[in-house]
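Following: one structure in structure tokens, then a few remarks.
Nothing in this text is a laboratory measurement; each read-out follows from the coordinates by a stated rule. Everything quoted here is computed from the prediction, not taken from an experiment. Heads up, the Cβs are rebuilt from the backbone with ideal geometry, glycines too, and the neighbour counts pull from every protein chain shown.
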Amino acid sequence: MKVYECNNVKKYYGEILALDIASLSFDKGGFYIIYGPNAAGKTTLLNLLAFLDRPDAGTIAFQGTPGSKNIHRSITDVTLVMQTPYLFKGTVLQNVCRGLAFRGMKKDRMLKRAQPVMEKLGLWELYRRDVSALSGGERRKVAVVRSLVLDTDILLLDEPTAHLDSIHVTVIEQIISEAARKAGKTVIMTTHDIHQAHRLVDDVIYLAGGGVTHTPLWNNFKAVIRAANGVKKAELAGGLEVYVVAEREGDGSIAIHPKDIILSYEPIHSSALNCLKGRITGVNDVNSLVDVVVDAGAIFHSFITHASSRKMNLVMGQEIFLTFKASAVEVF
Amino acid sequence: MDFLFESLKEAFILIVSLDRELLGISWRSVWIALSSTTLATLVGVPLAMVIAVRQFRGKQSLLVILNTLMALPTVVVGLLVYSFLCRRGVLGDLEFLYTPYAMIIGQWVLATPLIMALAVSAVQGADERIGITARTLGASRIQALLSIAGEVRTGIIAAVVAGFGRVFAEVGVSMMLGGNIKNYTRNITTAIAFETSRGEFALALALGIILLLCAFAINLIFQALSRLNWNPVAAPALRAR
């Protein structure tokens, strides 16, 4: 069963088209991560899914019903943790119970619902603390728990780990993953951390320039597209130039699938127009592949197999060449 | 200087001896001002909340009018309300003129725009995430508005305090609509004007001191209210734990 079905959804801020989604749906009980750079439209999309805003064009069906109908019922089925959550004046417990109070729940039932969740997530010892005395990570945790105790069918999270240290990121990721495992609960989360996206789910939804793209946005850069000698070049911040195939010119973004980048110790003479020299700055495991991070004036990721990695004997700081075709570069 | 000290001494004697007339005038001032402030709050604050959070045509013009009405002269309000309450006025049949009710109506007209303008300003200065957060947690529109009110309660209470101060200290409305009738509509400010004009400077001074003390006490109460961990939605037991 689909919980959301977005069709031809458009949202404008003034004259700027912030969101333009032809088709996107979310199944009941699924765990979805939406990855995109800044200004990709992630927050706009979540606001629409949380019924905080309405699309300027198109439809968002909620459990088969258009979103504009039964809107209050829909709001109590969905909860959203905002990117910079607001905590109401008062204590941690008052904040955690706030949504339950809105639902008219009696105080003893509120405590029965909130206490086990808070204990499990290490927040119970802070229940009397004034929220003004909490750290950034604790505040984020309170906001996530405040939404979790509502036990709504749909949980939306807008970059819940942004600007947090690694300890808090791990804790909040665990909380979210556990919530997502609960039968029937649909969790939709946005992030601009590509590693986090792939760590949590297998299939990431990529959002760029307000639209869904099927190109994984690993090597995603802002660029200025220019025509030069019959070909198009994308100039990245720092002056690095990449050959692209594009109709348009001017400001935009590019993305290159890490699987489309070939690594070699010598320049490859081939039909591929892009051959960049860089140095290895990282080697990480990503699922069944190896993510080789190369600084070539911009930070690139290239996925190779473990067998290739062993064969190439990659060493940090080593000089290496990146080769990819202009047609492998997605332009937004 | 001797005249001032002598008058001050007499004023303190009047206060300490709990002079019946003095107490009657003071109590009348307090209950009339509290009644009009309560009415102005009940009307002004909800209207201010709606004006602050909603976008509509003419909002800026309305805010300019409200801000202008903050400086409305009390005698103009007295005159306006008089035209409604006098025998030939549209509300003349109620026979409210020269009664405490007329004073309450006049003071209500005086305080409402002031409380509204200051409350609008307080709500507009609130973090815009308050209402959105409440909505994401399943709040109805009214619950979301109450949440905003709870978060900016200090500003709203300051608006009410300013409204109370305005009506408690005004003389024009009370004089024109109450008529300064002894033991009926005479309040502190009209009594001060009256007693000074007939040379009873000590009584006028005593009333002036009481006016200041009452205003001080009521401000203290309002301040204590704003410091309370008052939450219009959360259950009281959660606060006490």
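Provide, for q = 0.17 Å⁻¹, the log10 of I(q)/I(0) from a solvent-free Debye sum over equal Cα point scatterers in the stretch A:244-332.
The Debye formula, applied to the Cα set alone, gives -0.71.
Give me the percent relative contact order of chain A, please, defined on Cα pairs under 8 angstrom at least 6 residues apart.
Worked out over chain A, it gives 17 percent.
Can you list the residues, at least 5 places off or on another chain, whose amide H is less than 5 Å from the amide H of A:Gly211, using H built in the peptide plane?
Here the answer is A:Asp20, since their amide H atoms fall under 5 Å of that of A:Gly211.
Give me the one-decimal nm value for the distance between modelled label points at A:Lys2 and B:Ala169, 7 Å along each residue's Cα-to-Cβ direction.
6.5
For chain A, what does -39500 (n - 2.57) per DSSP helix run (n ≥ 4), summed and divided by total residues, give at 222 nm, in deg cm²/dmol to the nearest 500?
Result for chain A, helices only: -7000 deg cm²/dmol.
Return the aspartates and glutamates within reach of A:Lys10: Cα separation strictly under 15 angstrom, same-chain partners fewer than 8 residues apart disregarded; answer none if there are no such residues.
A:Asp20, A:Asp53, A:Asp56
Going from the alpha-carbon gyration tensor of the stretch B:1-84, what semi-axes, largest first and in whole Å, does one get by taking the root of 5 times each eigenvalue?
Rounded to whole Å, the semi-axes are 41, 16, 14.
Given Cα pairs under 8 Å that are at least 6 residues apart, what percent is the relative contact order of the stretch B:25-236?
Dividing the mean separation by the residue count of the stretch B:25-236 yields 29 percent.
Add +1 for every Lys or Arg and -1 for every Asp or Glu among the other residues with Cβ under 14 Å from the Cβ of A:Gly282, and state the total.
After counting each charged neighbour, the total is -2.
So what's the net charge close to A:Leu48: Lys and Arg +1, Asp and Glu -1, counting the other residues with Cβ under 13 Å from its Cβ?
Local net charge: -1.
May I ask you to list the trypsin sites (Lys or Arg not before Pro) in the stretch B:4-103 that are in a DSSP loop and have at most 14 other Cβ atoms within 10 Å of their Cβ?
Here the trypsin sites (Lys or Arg not before Pro) that fit, given the DSSP loop and packing criteria, are B:Arg54, B:Arg57, B:Arg87, B:Arg88.
Between rounded, prolate and oblate, where does the stretch A:197-295 land on the alpha carbon gyration tensor, with a ≥ b ≥ c its root eigenvalues, rounded for a/c under 1.5, else prolate if a/b exceeds b/c?
It comes out oblate by the Cα gyration axes.
Label A:Glu119 and A:Asn313 with points 7 Å out from Cα along Cα→Cβ: what is the distance between them in nm?
Those two pseudo-labels are separated by 5.8 nm.
Within the stretch A:87-119, find all residues whose amide N lies under 14 Å from a label point positioned 7 Å from the Cα of A:Asp130 along Cα-to-beta-carbon.
Residues A:88-92 qualify, since their backbone N sits under 14 Å from the label point.
Taking amide hydrogens as modeled 1.01 Å from N in the peptide plane, which residues meet the under 5 Å criterion relative to A:Ile33, leaving out close sequence neighbours?
A:Met189, A:Ile205
Once the Cα atoms of the protein assembly as shown are picked out, what are the Rg and Dmax in Å?
Values for the protein assembly as shown (Cα only, Rg and Dmax): 33.8, 111 Å.
Rounded to whole Å and sorted largest first, list the principal axis extents of the Cα atoms in chain B.
66, 51, 32
Please compute the length gained on full extension between B:Leu80 and B:Thr68, using 0.36 nm multiplied by the number of residues separating them and subtracting their Cα-Cα distance.
2.7 nm
Would you pull out the residues with amide H under 5 Å of A:Tyr4's amide H, same chain only if 5 or more places away, H placed 1.01 Å from N?
A:Phe26, A:Gln63
Measure nothing fancy, just the Cα-based angle from helix A:136-148's long axis to the longest principal axis of chain A, in degrees from 0 to 90, nearest 10.
60
With +1 on each Lys and Arg Cβ and -1 on each Asp and Glu Cβ, how big is the dipole of the stretch B:25-236 about its Cα centre, in debye rounded to the nearest 20?
So the dipole magnitude of the stretch B:25-236 works out to roughly 340 debye.
In degrees, nearest 10, range 0 to 90: what is the angle between the Cα axis of helix A:107-120 and the longest Cα principal axis of chain A?
30
Separation of the stretch B:2-40 and the stretch A:223-243 by C-alpha centroid, Å?
One Cα centre to the other: 83 Å.
Pulled fully out, how much extra length does the chain show between A:Thr281 and A:Thr84, if you take 0.36 nm times their separation in residues and subtract their Cα-Cα distance?
Here the answer is 67.7 nm.
Compare the Cα positions of A:Ala101, A:Pro116, A:Thr79 along the charge dipole of the stretch A:78-125 (+1 at Cβ of Lys, Arg; -1 at Cβ of Asp, Glu; about the Cα centre) and return the one farthest towards the positive end.
Checking the options against the dipole of the stretch A:78-125, the answer is A:Ala101.
Just from its helices, what would the mean residue ellipticity at 222 nm be for chain B, if runs of 4 or more DSSP H residues each count -39500 (n - 2.57) and the sum is divided by every residue, rounded to the nearest 500 deg cm²/dmol?
Rounded to the nearest 500, it is -24000 deg cm²/dmol.
Taking the stretch A:1-136 on its own, what percent of its Cα-Cα pair distances exceed 22 Å?
In whole percent, the share of Cα-Cα pairs in the stretch A:1-136 beyond 22 Å is 51.
When the Karplus curve 6.51 cos²θ - 1.76 cosθ + 1.60 is applied with θ = phi - 60°, which whole-Hz ³J(HN,Hα) does each residue of the stretch B:134-149 get, with x for Gly and Pro?
4, 5, 5, 8, x, 6, 6, 4, 5, 4, 5, 5, 5, 5, 4, 4
If each of B:Glu128 and B:Ser226 carries a label point 7 Å out from its Cα toward its Cβ, how far apart are those two points in nm?
According to this spin-label approximation, the distance is 2.6 nm.
Loop-only GluC sites (Glu not before Pro) in the stretch B:72-178, please: DSSP not H, G, I, E or B, and at most 14 other Cβ atoms within 10 Å.
Here the sparse-neighbourhood loop sites are B:Glu95, B:Glu128.
In the Gaussian network model of chain B, springs joining C-alpha atoms below 10 Å, which of B:Gln55, B:Gln107, B:Gln223 carries the largest mean-square fluctuation?
Sorting by GNM fluctuation, first place goes to B:Gln55.
So what's the net charge close to B:Ala11: Lys and Arg +1, Asp and Glu -1, counting the other residues with Cβ under 12 Å from its Cβ?
-4
What is the Å³ per residue value for the convex hull set by the Cα atoms of chain A?
Measuring per residue, one finds 163 Å³ for the Cα hull of chain A.
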